[in-house]
Amino acid sequence: MTEAGEFAVATAGLTKRFKAQVAVNAIDLLVPRGSVYGFLGPNGSGKTTTIRMLLGLIRPTSGHHRLLGRAMPHNAGQVLPLVGSLVEGPAFHPYLTARANLQRLDSVDRHADPRTTKVRVDGALDRVGLLAAADKKYRAYSLGMRQRLAIAGTLLAPRELLVLDEPTNGLDPQGTREVRHLIGSLADDGATVLVSSHLLSEVEQVCTHIGVMHVGRLLTQGPIAEVRAVSEPRARVETDRPADAATVLRALGLTDVVVESGVVVGTLGALVPDKVVAALVHQGVPVTGFAVAQPSLEDLFVSLTGEGFNVSG
Amino acid sequence: MSAAELATSPAARPLRHVSTRFLRSELRLIFGRRRNQAGLGILAVVPLILAITVKVSTPRPGHGPDFLASITSNGLFVALASLSIELALFLPLAVGAIAGDSIAGEANIGTLRYLLAVPVHRTRLLAVKFAAITIFSLVATLWVSLVGVAAGLALFGGGDMTMLSGGQIGMGPAVLRVVMATVYLGLGFASLGAIGLFISTLTEQPIGATIAVVILNVMSFILDSIPQLSWLHEWLPTHWWMSFGDFFRDPVAWDGLTRGLLTAAGYALVFWLAAWARFSDKDVTG
Ligand SMILES: Nc1ncnc2c1ncn2[C@@H]1O[C@H](COP(=O)(O)OP(=O)(O)OP(=O)(O)O)[C@@H](O)[C@H]1O
Ligand SMILES: [Mg+2]
């Protein structure tokens, strides 16, 4: 395998400038083969724009990229048949049935065998739980059913890479869990999955790697454990004398000590947790609970991208 | 599906170099759509009304267009009279609706990005879309003729046909000439469809593209009727359409028809290339 072949997606300085703004700013996205890569970022951070560039739907202002080891968009004809994609929500012909819509997609694929269309279409519908509603007009589909149909569209052929832009958008909890399982089973089959989302809890459970976008920049990326390791563990002390506990923690050298009602939290740094408990007990501060926690991905996400609710740009 | 299978999947899914599946899918979309079926229904109304009204009214010789006056002598003229009525607006509108929808319609509902991601090469997409427009144009024109011939023969009967130039030909050759005249017009409308295809790459509003095609068609007819612009007339996309009557001279007056076919081919080529230039590296953000 060539060096470039290690990555299912590799971009170098990929940039997209729309008239007024830089939507994607010189990102070097690296998605290792076989990984499930969570592509995170708040609304308007440039996830969909990046995905559109990856698939050759829009032309990068500068930079280049490879999919499955081949330069794009030059090799789109060879690469894209191996890539299943979901971009910015489902889109189908409203007056056709779900089945007819998938048949339409299959009929434009020059790699598809018409003799197996029926089997593959029904198989894909079955896999997303839509077989019973296959002959309903797309117009009559609910939001979640539409989303499922779009996912079925990516499953019409065996894929080496799946690019899924917000695949759980509009799905009920059951559907969300099924999509998670689906991503897991696709990965088990050896496919690489790039999944964009702003719902961290979902990503956290299935992803091996994450990348975080913010205002068009890729702030961080890597194996999920590595990215998380950047953030230091925090000690959490439950006590009925929080002020005293805070004093002790600060004296020990914990940073970012925050006092909430009955709880004190501080960043441990290089300190061993045992020392903290021992010091508290030694100073006579009653400890009713103690825990050391890695910040959740959500905390990390917020610390990276800021807490502001306003959409960037 | 295992990892090993995935790795060999390109070989397992060989490329079909020649496939008509995409084109057939396009035609199913066009002819399966209610709106378009209704449109074809409306196109059929003209020959029916024409045949019936001529049948029930007392003929007044010497009035109306040539074809109209001849209807009672041979039912085939119902088809020709209908074509000459519908070529000004109805048929161009029908073709304009399909052409305007071709790219803008897919962009509007978002299916364009999924077609391109399959992948469908953009050049192939434009080629198949234009082929479908051309086929629709021929089918719609033949449909008007067919309804006209059927209604005409039912109400007025057939037989030898008196040419515009005076002579007579038998029923068989007459039908053949009706078919040739219809195909000639269908190709003319298809060249208007190429203009529509180009406009369709400029917008995400299919109705807007259709209206633009109809406006261009009407403009062309208006310019064609201004004597001071006679130098321009032969270059107008609609100018040679009325020449379809030349099929009913003895012998066929090929001069104008050849010019008409060349003009249609020229417009089709230029505007297909314009569509390609516009679309081949356009950002698809819809
Ligand atoms: N066609 C366009 N023209 C101009 N600006 C655009 C266009 N498409 C996207 N943008 C801008 O680029 C930025 C990134 O948009 P993008 O759709 O990539 O965000 P996103 O990360 O996918 O957001 P979300 O989570 O809401 O889907 C936004 O500020 C958006 O307004
Ligand atoms: Mg998005």
For chain B, the longest principal axis of the Cα atoms and the Cα long axis of helix B:76-86 enclose an angle in degrees, to the nearest 10, of 60 degrees
Longest principal axis of chain A (C-alpha) makes with the long axis of helix A:173-188 (C-alpha) an angle, in degrees to the nearest 10, of 80 degrees
Output row, site A:HIS282, 7 Å Cα→C-beta label point, backbone N cut-off 13 Å, window region A:233-252, residues A:248-249, A:251-252
Amide H proximity to A:ARG217 below 5 Å, modelled H, separation 5+ or other chain, gives A:ASN25
If the label point sits 7 Å along Cα→Cβ of A:VAL263, residues of region A:215-254 with amide N under 12 Å come out as A:235-239
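How large is the helix-only mean residue ellipticity at 222 nm for chain A, computed as the sum of -39500 (n - 2.57) over DSSP H runs with n ≥ 4, divided by its residue count, in deg cm²/dmol to the nearest 500? Each step should come with its number before you reach the end.
On the way: 11 runs with 104 residues, N = 313.
The helix contribution divided over chain A gives -9500 deg cm²/dmol.
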From DSSP H assignment alone, runs of 4+ in chain B each adding -39500 (n - 2.57), the sum over residues rounded to the nearest 500 puts [θ] at 222 nm at -23000 deg cm²/dmol
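Restricting the count to DSSP beta bridges whose residues both fall in region A:7-229, what percent are antiparallel, rounded to a multiple of 5?
Details: 21 of 39 bridges.
Approximately 55 percent, going by the DSSP bridge assignments.
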Ordered by number, the chymotrypsin sites (Phe, Trp or Tyr not before Pro) in region A:217-309 that occupy a DSSP loop and have at most 13 other Cβ atoms within 10 Å are A:PHE309
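For an R0 of 41 angstrom, estimate the FRET efficiency from the Cβ-Cβ distance between A:ALA229 and A:THR61 and round to the nearest 0.05.
Numbers: r = 34 Å, r/R0 = 0.83.
Rounded to the nearest 0.05, the efficiency is 0.75.
How crowded by other chains is A:109-117, given as the mean number of beta carbons from other chains within 10 Å of each beta carbon? Don't skip to the end; give the middle numbers.
Working: counts 10, 14, 9, 5, 4, 3, 0, 0, 1.
Per residue, the number of nearby Cβ atoms from other chains is 5 on average.
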Largest-first ranking of B:TRP254, B:TRP276, B:TRP235 by accessible area, probe 1.4 Å, whole protein assembly kept, is B:TRP235, B:TRP254, B:TRP276
Sequence order, region A:31-42: Karplus ³J(HN,Hα) from phi using 6.51 cos²θ - 1.76 cosθ + 1.60, θ = phi - 60°, Hz rounded, Gly and Pro as x, gives 10, x, 4, x, 8, 10, 9, x, 9, 9, x, x
For region A:7-229, the accessible surface attributable to carbon and sulfur atoms (probe 1.4 angstrom, ligands and nucleic acids excluded) amounts in percent to 52 percent
Once normalised by the length of region A:234-293, the mean sequence separation of its alpha carbon contacts under 8 Å that are 6 or more apart gives a contact order in percent of 48 percent
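Sorted by mean Cβ packing within 10 Å, highest first, what order do the peptides A:19-27, B:86-94 take? Numbers along the way, then the final one.
Numbers: A:19-27: 17.2, B:86-94: 21.2.
Ranking the peptides A:19-27, B:86-94 by packing returns B:86-94, A:19-27.
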Residue by residue through region B:93-105, the couplings from Karplus 6.51 cos²θ - 1.76 cosθ + 1.60 with θ = phi - 60°, in Hz, x for Gly and Pro, are 5, 4, 5, x, 5, 5, 5, x, 6, 3, 9, 4, x
Given B:98-104, B:17-23, the highest-first ranking by average Cβ count within 10 Å works out to B:98-104, B:17-23
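Estimate for me the total accessible surface buried between chains A and B (protein heavy atoms, probe 1.4 Å, no ligands or nucleic acids), in Å² to the nearest 100.
Looking at A and B, the buried total is near 3800 Å².
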Here the residues of region A:203-237 lying in the modelled label zone of A:VAL272, meaning backbone nitrogen under 19 Å from a point 7 Å along Cα-to-Cβ, are A:233-236
Counting other chain Cβ atoms within 10 Å of each Cβ in A:89-97 and taking the mean gives 4
Given B:151-157, A:267-273, A:210-216, the highest-first ranking by average Cβ count within 10 Å works out to A:210-216, B:151-157, A:267-273
Rounded to one decimal in nm, the spacing of the 7 Å Cα→Cβ label points at A:TYR95 and B:ALA154 is 2.6 nm
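Counting only heavy atoms of protein chains, what accessible area per residue, in Å², does region A:7-229 have with a probe of 1.4 Å? Mind showing how you got there, number by number?
Numbers: 8470 Å² over 223 residues.
Accessible area per residue, region A:7-229: 38 Å².
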A chain fully extended from B:LEU232 to B:SER57 at 0.36 nm per residue, minus the present Cα-Cα distance, gains in nm 59.0 nm
Rounded to the nearest 10, the angle in degrees between the Cα long axis of helix B:34-56 and the longest principal axis of the Cα atoms of chain B comes to 0 degrees
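Within 10 Å of each Cβ in peptide A:76-85, how many partner chain Cβ atoms are there on average? Round it to a whole number, please. Show your work: numbers first, answer last.
On the way: counts 5, 5, 3, 2, 6, 6, 4, 3, 2, 5.
Mean inter-chain Cβ contacts per residue within 10 Å come to 4.
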Region B:166-229 and region B:76-111 have their Cα centres apart by a whole-number Å value of 9 Å
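The values are calculated or read from the model by the stated rules, or taken from the named source; none is laboratory data. Not measured: the values here are computed from a predicted model. All Cβ positions, even for glycine, are placed from backbone atoms using ideal geometry, and neighbour counts span all protein chains on display. Remember, those area values only see protein heavy atoms, side chains included, never the ligands or the DNA or RNA. Shrake-Rupley method; radii C 1.70, N 1.55, O 1.52, S 1.80 Å.
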